């Protein structure tokens, strides 16, 4: 890994943009906008139970163990190789079933930028999905420098700028005296805290998906100039940007689209049309859709490279067949990238052409949530465990409050993911008839995606490590 270690190119801004690229997604705004003012309550719950605990835990773990592999290294030091392998593999395999959902968003948004009718064309949708998927894989092939440049520019163009524009036009809309779809805000009359019922609880998992990814910068510790100083700053900066843009952007959508007319897939585009038509700048609709498409591609790229790098480190340590531990001259784990691209393409093919796409979407999303709960549960337990097992390991950032503080933060996060795991298997009320079949599919799918590390470790052979290829070799 010497070739990779020598290139310390990332600073606070780059690390923060990696997290923002992985977490901030305009495509999620409509799914929360249906709750109106109470979306604020949902976001506050998600912030308390995931965003803040994950940001603080990742900052402490990244500054204490700034080595390759990100969360793999953190969990491995706390609970051993087996647990670390399970954590990183769950994140990688969870991506495989999540990729089609973000790819379909990219394709449908691009269709709007060209002509909306294309969104119903399966061939167009699949072609664009594959172009985005394999295109970002090619970018990842050229290593950290290329991926970071792509993320930094793309997240500003496709994530931050569209969100800010959306918020700006919402302010203009309100300032001009136009009616909004939400009732006037009043602390005494408006219900900020969401209503908890069996019909709304399954959507709590959406909040977990909204704030997942704050650990992504940890995969890039080896390329960071000063991890002890830069990681905490990047975590807090990215968390602030994500929270503000997400809350305000969701309210902007809720202001102009009636709940009964809100389309969960194209709600952002709907809001943009309302705003731009009212301001007599309808010609901006398609350029804005193109920017949002770029944001979707950047989101995809952030999740595509991080876990793949972590799995590459696992392979380098001899825990996977030697085929997977080959790095090219740019330090990219090419076999892992190609493997995930092939599997993801096959799943995307099924996603596009199966008739029951709505049920497939929710099953895939539920499996992703369950795997994320396993991952973050291990992260929260690790930050607590390492305070006791490695108290003297230097950390430039520590969760405030000593051991009680780390128990509060880790405990809140653990409660959040355990609760989410339980309700995550419940089907939403979206025409899914066979509840037990749905639950069974989610649990079996989660098990199949989480168990391979245990199989690899049982089959582990000494030559897997002996045959590993050094960084800088071609795949």
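The values are calculated or read from the model by the stated rules, or taken from the named source; none is laboratory data. Only a predicted model underlies this, so the values are computations on that prediction, with no experimental measurement involved. All Cβ positions, even for glycine, are placed from backbone atoms using ideal geometry, and neighbour counts span all protein chains on display.
At least 2 residues that are over 20 Å from residue 231 (Cβ atoms), modelled with pLDDT of 85 or more and under 19 Å from the mean Cα position of the chain (by Cα) in each: list the helices (runs of 4 or more DSSP H) lying fully within the stretch 44-148 that qualify.
Fully inside the stretch 44-148 and qualifying: 81-114, 122-141.
For (1) surrounded by fewer than 19 Cβ atoms within 10 Å (Cβ to Cβ); (2) more than 30 Å from residue 33 (Cβ to Cβ); (3) at pLDDT below 65, each residue gets a yes or a no:
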| position | (1), (2), (3) |
| --- | --- |
| 202 | no, no, yes |
| 207 | no, no, no |
| 211 | no, no, no |
| 215 | no, no, no |
| 221 | no, yes, yes |
| 229 | yes, yes, no |
| 232 | no, yes, no |
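Would you confirm, using the coordinates I've provided, whether residue 379 is in a helix (DSSP H, G or I) and either exposed (fewer than 13 other Cβ atoms within 10 Å of the Cβ) or at pLDDT 90 or above (or both)?
Criteria met by residue 379.
Kindly indicate whether any position in the stretch 323-333 is surrounded by fewer than 19 Cβ atoms within 10 Å (Cβ to Cβ) and part of a helix (DSSP H, G or I).
yes
Please name all residue pairs, on different chains or six or more residues apart, with Cβ atoms under 9 Å, provided the first residue is in the stretch 454-475 and is at positive phi and at pLDDT below 50 and the second residue is exposed (fewer than 14 other Cβ atoms within 10 Å of the Cβ) and in a loop (DSSP other than H, G, I, E, B).
Matching pairs, first to second residue: 472/329.
If you scan the stretch 382-417, which residues turn out to be more than 25 Å from the chain's Cα centre (by Cα), closer than 17 Å to residue 62 by Cβ and outside any helix (DSSP H, G or I)?
If the condition is that a residue be more than 25 Å from the chain's Cα centre (by Cα), closer than 17 Å to residue 62 by Cβ and outside any helix (DSSP H, G or I), then 390, 393, 394, 395, 396, 400 are the ones that fit.
Considering only residues that are at pLDDT 85 or above and more than 23 Å from residue 179 (Cβ to Cβ), which ones fall in the stretch 247-287?
If the condition is that a residue be at pLDDT 85 or above and more than 23 Å from residue 179 (Cβ to Cβ), then 283, 286, 287 are the ones that fit.
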